[in-house]
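The numbers here are math on the coordinates, done by the rules we state, and not lab data. Predicted model, so just to flag it, every value in this text is computed and none were measured. For neighbour counting, all protein chains shown are included, and Cβ atoms are generated from backbone atoms with ideal geometry for every residue, glycine included.
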Amino acid sequence: MISYQLSPHQQQVKDIVHWFAENEMRPISLEADKIGRVPDDWLEKVNSLGITLSTATFGESDHEHMDSAASGKENERKGERQGNRLAVIAAEELGWGDAAIALTLPGPGLGGPPIQAIGTPEQKRRFLSIFNRDEPPRWGAYALTEPEAGSDVAGIQTTARKVEGGYVLNGQKIFITNGKRASWVVVFATIDRRMGRSGHRAFVVEKGTPGFSCPRLAHKMGLRASETAELVFEDCFVPDENLLGGEAYYENRQSGPSGFRVAMQTFDNTRPIIAAMAVGIARAAYESTLDMVRRDYPKRGRPFQLAAGTLANIEQEIQSARLLTWEAAWRADIGRPNAKEAAMCKAYAGKMVVDVCAKCLELFGTAGLDGQWVEKWYRDAKIFDIFEGTNQIQHLIIARHLYAPFGVRV
Amino acid sequence: MISFQPTDEETAFITLAKTLAEEVLRPAARSSEEERQAAREWTIKANELGFAALELPERWGGMEMTLISQAQILEALSNGDLALVQGLPGPGDAASFMRLAPENQAFAAYRRTGEGGQWPTVAFLNACDPGVSQSINITGASFENGYVIKGISRPVKMAAFAAYLLLAAPGPDGKTRLFWLDKEQTRWRAIPGDYRLGLLASGWARVQFDDLTVTKDAVVAEGRDADRLLSRALARLRVLEAAKEVGLMTAALSYATEYTATRRAFGQELAKFQGVSFQMADMAVAVQAARLLVWRAASALDREEPEAPGLSLDALSRAHRSLRLVTDSAVQLLGGHGYVQDHPVEKWMRDAAAQIALNGGEQDLLLRRGEQLLTEERETVS
């Protein structure tokens, strides 16, 4: 049945993550933005608590099944996957706390989904088992974008030349979250540019690999505490065992889009998470503004009326974005295609968070410029309309799905 | 558990409603508009299948469906034609009041009349709506002396065909009164008008009261009881109306999608121009956002959540916004073809405008919601 009620387990995850966001992230939020990084001692502390950024963190677990079974509720069918729903619930709270810090939490990050999706058992063990509270904090990263291939993912120029025992990578990647600090990076490259998408391959490149370097970190409008790296691959040898999925995966899909498909499937899982973070930022701005208007605005007259209408519109927009996000996650959980819904929620939430933060800034007036979170949230928000596929790319995906039944490719 | 999966029972009803929308409602839309009345085939089938009694209590012989089920069914039906759904004879909006106060004596005669399954038509006039000025005046000091109602209303849906009128109006003391007015026994009149915009099959008429005297028997509720009943019913009605709007916008979206996928210009399908396909994407997102907010409000009202009335304001204002965007865009994307009656989109744009006028403007709904948020006041839900 259609339901918007959080299950006890979902509510528990929401409450725990919210507590963390409020008591651990918010206190360092403005300082981290100011210094342009998340303090190392803080990262070590949260790592020792076992807190990581991974879609798997909130996914299936024995605990979850026990919880569901213990509740005795028929509608919480034992074994029903809910990892994506849990992930978006948690991501909203992390976004509410601080999106830049959230993206810097130790863990595989956006590099996790492709390894989980097509990695061999050996690769999953090697690359995903390193994230451990008893070890120093570690990160994974996902490297797709290039200077000449942003939205046009199919046009990546980084090459992977087959040699004895592996591949040699040459090329450049930009805008890579946690790219410098990562223990490994999932890198997309082409074995032959003439093959188009079917020539794409995904490799796991480990930190310290000769020929792999990070010459520069970007300085940004917002999300300043989050590391955004430029990566360079110069005759970088990657062994066969680091080809994601192994040779067999690609041999079995000679007619398919291979590595391109991996990249796209990753987006179907990660876009709802990014959208949920945007919802979290918007909610933070809304709650802060609502408190301020209640406290500082006159209780009647034109300013009150204007604020009332604006806040109602904001609240509605946040609700809409959240529900679109939940729907995309729900479809992924029950195994239905969700590319259109993932694009919808990302397009909507990315635009919504910018609009919401702008309106909140307007309601604050110049008071919002001086040491207030709201100006930071506005700066942070804009990237959510760009990364993981720009708003325009999301529109293209939605349109393609609308016209697919008519055999029209747009 | 968060889920977007309809139940099997809902799926069966939706399938039935879709078939009816496709085979009966859509083909009858134009002729019903010309005749200013719902097609007979539709009203007969709706009664047979129980679509006129979705909201009525079971003990009355109604379906007493949850709002989340009704929302999906009404969306499917309105996809056929919203004007015909609005023009369906029966209890109409008053059903929500009957659902909430099934034992109210004022409704007893109506209940008996409809026991055979043929529910006479009721129009609902809300003269308490602060966003809508009505020149209706109620005088008289007490039940003993009765009330005297005079004045003329704004246009009301189904007033032209109604045998009964449910009137919500402030009494002489400013307190809300709900009156049940049998047309045969009282002297209210339906005044025809010159209606050309939309929902033309839904019996638009103004209601005139010529010093109408009403007695205690006609009072459904007064004072706080009336406020509570009105508030609860209006929350339900907002959701039901918003669901109908989702049906209409879905029709416009589907039609525009097919048209732009097949119509060619400059040597290729319209869909291949990003100015077109991106607009279609915006329309699709607007429809889905509205639908999910309607479901959210419906689900909350079914569960009697404290936030439910506020969510119903959200749902209806969002539905208004999406409806305006989608129906206007559909006409735009068809170009000149959208403007002429060879295609249904011009009618849908007109129906949409009338529907929004009928149910309170987006800005008024937003403002009310905003005032709730700022003052933390909540309407009654149970």
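What to note about this one:
- Helix content alone sets the calculated 222 nm mean residue ellipticity of chain B: runs of n ≥ 4 DSSP H residues at -39500 (n - 2.57) each, divided across all residues, give -16500 deg cm²/dmol.
- Nearest 10 degrees, 0 to 90: helix B:40-49 Cα axis against chain B principal axis: 80 degrees
- Two-site FRET efficiency, B:S135 against A:T390, from Cβ-Cβ distance with R₀ of 45 Å, rounded to 0.05: 0.25
- Cut-off 11 Å, label 7 Å out along Cα→Cβ of B:R112, residues of region B:43-59 by amide N: none
- Rounded to 0.05, the FRET efficiency of the B:Y195 and A:L49 pair, given R0 = 60 Å and the Cβ-Cβ distance, is 0.35.
- Antiparallel bridge percentage (DSSP; both residues within region B:122-223; nearest 5): 85 percent
- Cα-based reach from A:K207 at 16 Å (exclusive), listing aspartates and glutamates while leaving out same-chain residues under 8 positions away: A:E227, A:E230, A:E234, A:D235, A:E241
- Projected label distance in nm at A:R133 and B:R59, using a 7 Å step from Cα toward the beta-carbon: 5.6 nm
- Projecting the Cα positions of A:V38, A:A367, A:P210 onto the charge dipole of chain A (unit charges on Cβ atoms of Lys, Arg, Asp and Glu, taken about the Cα centre) puts A:A367 furthest along the positive direction.
- Panel order for B:R236, B:R206, B:R321, B:R187, by other beta carbons found within 10 Å of each beta carbon, from fewest to most: B:R187, B:R206, B:R321, B:R236.
- Between helix A:391-403 and chain A: long-axis angle, C-alpha atoms, 0 to 90°, nearest 10: 80 degrees
- Summing charges over all other residues whose Cβ lies under 10 Å from the Cβ of A:N391, with Lys and Arg as +1 and Asp and Glu as -1, gives +1.
- Neighbouring partner chain Cβ atoms per residue of A:303-315, average, 10 Å criterion: 6
- Overall Cα dimensions of region A:265-316, principal axis frame, Å, largest first: 51, 16, 9
- Sites matching GluC sites (Glu not before Pro) across region B:300-382 that sit in DSSP coil, with at most 13 neighbouring C-beta atoms within 10 Å: B:E304, B:E376, B:E377
- Cβ neighbours within 10 Å from other chains - mean over B:363-375: 6
- Rounded to whole Å, sorted largest first: equivalent-ellipsoid semi-axes of region A:137-259, Cα gyration tensor: 24, 16, 12
- Computed on the Cα trace of the protein assembly as shown, the radius of gyration divided by the Kirkwood hydrodynamic radius gives Rg/Rh = 1.02.
- When exposed loop sites are taken as GluC sites (Glu not before Pro) in a DSSP loop with at most 15 other Cβ atoms within 10 Å, the longest stretch of chain A clear of them is A:165-410.
- Residues A:L49, B:L237 arranged by fewest to most Cβ contacts within 10 Å: A:L49, B:L237
- Dipole check for region B:8-116: with +1 at the C-beta of Lys and Arg, -1 at the C-beta of Asp and Glu, and the Cα centre as origin, the magnitude is about 320 Debye.
- Net charge over other residues, Cβ less than 14 angstrom from the Cβ of B:A242 (K, R count +1; D, E count -1): +3
- Over all orientations, region B:8-116 has a Cα convex hull whose mean projected area works out to 6.7 square nanometres.
- For the peptide A:389-400, the mean number of other protein chain Cβ atoms found within 10 angstrom of a residue's Cβ is 4.
- Cβ-defined net charge surrounding B:D194, 13 Å radius [Lys, Arg +1; Asp, Glu -1]: +3
- Taking chain A as a Gaussian network of alpha-carbon nodes connected by springs under 10 Å, the highest mean-square fluctuation of the residues A:W373, A:W326, A:W96 belongs to A:W373.
- For region B:194-266, chymotrypsin sites (Phe, Trp or Tyr not before Pro) are listed when DSSP marks them as loop and at most 10 other Cβ atoms sit within 10 Å of their Cβ; the list is B:F266.
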